[in-house]
């Protein structure tokens, strides 16, 4: 009975203690709610948002939730509702024991309601029950059962308010003393929290939180990366203490990123040393500080401190006691030195007794000059890397390989922009500082030991002392040495370790021969009693361990030998590492050694490099695979424990030997022997040896006796023999013709002035030879196409791709080819080049006929056709560049191949525009083409007129006249059967390179005429421009919104002016699209601290908001029946989107400020 009473007293005492703890937690939280520093976050009148990031662990039979982090921050938006979003989904460890999801829940309400909600949670209620008790909207069902555990007092404690500095100030602290920082990069804040005391349990098992989940480290990385991306906080470092907390963040103003204080530097232009006024020389010695007007502060008394620095030293630290009205007018702080950094701190009066609370602080370095490197791009191309070719067709990495293999050589020139005045001591200080730092660099853990004798005696001794120092660590649990050449010296080094708390592990590979091995052990030399087939070094290591057995037995040494399951001498690894594991078994330190312990400093110097912490875990994972002989790191091998002797992994594999077969190639016969045999009417040349052929050519003066280069010394002789050669050539059967033409082409490629000999042969046989060559090119199996390298293959592909284009798709590439913009000539296949040159010389129409026949043939036959087609196109383009005859262009326009018609239309344009000032009268007609093709060609012509006008800076009268004439042709030809995509394409091409450019000209000079002719619907013509405007506002795929003035101003003004003409039905559909874009912008601009965490996205959204504002405000006055909708769209936009003061685009800022809305 006595025992029972004592037990009851203990239980009662524990219950009373928990009640006291809970009462204390309630009391502390109530005190927190009353703290004046948190008025901007816990006040009834302040709109706030609560965000909860929940980790959801989905196991086989249960789902559990853990709070990763939560904050409450002020916001200008509030609807009293809950929202949910998936942050990261379906992560799972390799074991598949569970799946992890991270969800975000957001609640908008007043600061007082949210603090009351947590008061309910501290009572042990679920969040759903708490909302019900407070008459708040219930949360989503996924989080409805969340609570602060059955006993919040054991898990949480109130952390009173602390002042959080911005990132720029935090960076001034050393890493190990860096405090948590403000979530805003620009604004300091006050923070208070319900502080989670058992953070490690967040990733614990549901039944036993103190026991980590399977693969907890990877799970924590997953969670921290997600939180960092969401909040911008450094959860992986100084902000890690925030994990599990519920934090209230009170900023000076209700906009978390709005600064109540601003400053401007007082600039003074100074003269240079020659007394010439230099606008680039700028001096900053004064700062003007302004308090934002209209702030509802708790006191009108402020202390404003301004600390100015010159380089790193403080040159002014001044505090002024001012009234808010005076601060709004501006305060001036002056220094007698140049200012390079400004720190502003503001305190606000807390009471009449002279107490002041810090309210705001910012630290801003000044950028007064910019160093730029401007690059001039030179040689470009592709260079293969042999070591990655086996993966070049992998879909997963082919883009990376293609990107890597692109070579773009760039020459950079460095320049300085906006130079400023240096105080004379700054350059001198910087120079001596750099010099001193070079002499006395920061101490690292790396070491360098010279070969043989070092600075302090034998380097071997210095290294041994270093090894002894790193292993003498009582906090270390394990030291792993990875060294393929580990030997007895390593054993001796380990034996000198002072502490016995640490285990040692060595991973080596004794099958690879080392310098300490004798000649390869023969079977006859093996001790028959021991019957050991171990490598010599393995036996030596075992003997070394046996000799030091007494000492090593106290050091818990284990030596693993990675050895092939079949006979082999190769090493399974190369690098040397030393890894140190802490008392928890986590790798804490690592070193990379330039050579092995056995020969350290003996033959070469030894460099020891610390392994950076961010890759240390990856090295440890690799070592773990080594120690277990795990494929694919180690294949066909076992990890044999040499000391004490034990087989760790005894996997067996079939024996395989990789043999390298040396392939020998015979020498090729002379490539021109067949041609010379026919030319000289000497069949024996074909079978003669090289020396005999050389002698015959010398006799006929066809090679130079000194250089043995092909020459023509007797032209009368060569013309006569070429005549006979050509007569026989045209009657050769296909295969012999192919070989003979190939041999003839090699000769042409190696003589001077080859054209006259090629054209002489062409003259002799004329059309007969032309048709014979045409048949030869069409009968592609007989065409030799060897030696096409990778670069040439790409060019062949590009040219075939062009030939396969439809008419519309071929136009731009055709223009660039004729403009000389494509430097992708084909070369090396001389028989093709000379064959095509010959038919172009004989009868140009033959090349078109050849391409047409091959075009049909390519639909069902591949192979050499693609190479022949590419060469045909290549030579045709060259011919058009230098000999653009009217008849050839006409034949192109009449071709059955669409891409050739496209090429012909652009060749016609080059004829028309060959006079720079367009003064030459021309007829703008393409009667050979269909109506649709004419429209496409004309729009391409306009495109190039736009390019010309843009280069000139304006549209000259001559260019405008040509444009108007082409517009007339387009209007006359415009068909009724054009698809929507084709109409869109045409109108876009009319704008030139910048979509939407020249919009007013196109609409008034062309589109209105098409509407009047009833060839385009009115709505269709308006929607085209509005869609382009929306496309520009939404931005590119890379997330960039670029506003070009005056082009985009004209486009916006046009869209605003024609908007009233849009039908109601069409307008209603467009309103929904505007609403969707506005809603997206609203969501993103409301993201907490988006400006700090993702400035690129914030800046994009701001541009979108200002552009939409300008458009709606321009459209409103003339919108008639659409005014209500436009007003609703403007009212729907978040106020932050419409504020132009923080815009980074001056042109857009000016444009948006010119528009107003009543």
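The values are calculated or read from the model by the stated rules, or taken from the named source; none is laboratory data. This structure is a prediction, so every number in the text was calculated from the model and none was measured. Don't worry about glycine lacking a Cβ; one is built from the backbone with ideal geometry, like all the others, and counts go over all protein chains shown.
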- Item | Flag if residue 408 is assigned to a strand (DSSP E or B) and not assigned by TED's automatic domain parsing to the domain that holds residue 310 | yes
- Item | All positions within segment 699-728 that are surrounded by 16 or more Cβ atoms within 10 Å (Cβ to Cβ), over 60 Å from the mean Cα position of the chain (by Cα) and part of a loop (DSSP other than H, G, I, E, B) | 700
- Query: Inside segment 925-953, can you point out the residues that are modelled with pLDDT under 90, surrounded by 18 or more Cβ atoms within 10 Å (Cβ to Cβ) and over 40 Å from the mean Cα position of the chain (by Cα)?
  - Reply: 926
- Task: State yes or no: is residue 56 over 23 Å from residue 124 (Cα atoms) and either free of Cβ contacts under 8 Å to residues at least 40 places away in the same chain or not in a helix (DSSP H, G or I) (or both)?
- Result: no
- By residue number, the members of segment 89-110 that are within 16 Å of residue 213 (Cβ to Cβ) and surrounded by 15 or more Cβ atoms within 10 Å (Cβ to Cβ) are 91, 92, 93, 98, 99, 100, 101, 102
- Does residue 873 satisfy the condition of being modelled with pLDDT under 90, surrounded by 15 or more Cβ atoms within 10 Å (Cβ to Cβ) and outside the structural domain of residue 932 (by TED's automatic domain parsing)? no
- So residue 789, is it more than 19 Å from residue 769 (Cα to Cα) and at pLDDT 90 or above: no
- Item | Unmet criterion (only one of (1) part of a strand (DSSP E or B); (2) more than 37 Å from the chain's Cα centre (by Cα)) for residue 65 | (2)
- residue 767 vs. criteria exposed (fewer than 15 other Cβ atoms within 10 Å of the Cβ), under 13 Å from residue 841 (Cβ atoms) and not assigned by TED's automatic domain parsing to the domain that holds residue 835: yes
- Can you pull out the residues in segment 286-303 that are within 16 Å of residue 253 (Cβ to Cβ) and buried (at least 21 other Cβ atoms within 10 Å of the Cβ)? 291, 302
- Item | Unmet requirement for residue 162, which otherwise passes all of (1) touching a residue at least 40 places away in the same chain (Cβ under 8 Å); (2) closer than 27 Å to residue 344 by Cα | (1)
- Matching option when the condition is assigned to a helix (DSSP H, G or I) and either closer than 23 Å to residue 765 by Cβ or without any contact (Cβ under 8 Å) to a residue 40 or more places away in the chain (or both), among 841, 860: 841
- Message: Which pairs turn up if I take residues in segment 1019-1033 that are more than 9 Å from residue 1055 (Cβ to Cβ) and look for partners that are outside any helix (DSSP H, G or I) with beta carbon separation below 7 Å, at least 6 apart in sequence or on another chain?
- Response: 1019/1062; 1019/1063; 1032/996; 1033/1041
- Item | Those residues of segment 129-145 which are buried (at least 18 other Cβ atoms within 10 Å of the Cβ) and more than 42 Å from the chain's Cα centre (by Cα), in sequence order | 130, 131, 136
- Say we look at segment 587-612 and pick out the residues that are surrounded by 18 or more Cβ atoms within 10 Å (Cβ to Cβ) and outside any strand (DSSP E or B); which of these is modelled with the highest pLDDT? 611
- Note on the structure: Filtering helices (runs of 4 or more DSSP H) wholly in segment 926-995 for at least 1 residues that are farther than 30 Å from residue 1034 by Cα gives 931-952, 957-973
- Task: Check 1001, 1005 and return the single one that is in a helix (DSSP H, G or I), within 30 Å of residue 1077 (Cα to Cα) and not assigned by TED's automatic domain parsing to the domain that holds residue 1079.
- Result: 1001
- residue 38 under 44 Å from the mean Cα position of the chain (by Cα), modelled with pLDDT of 90 or more and either outside any helix (DSSP H, G or I) or closer than 23 Å to residue 137 by Cα (or both): no
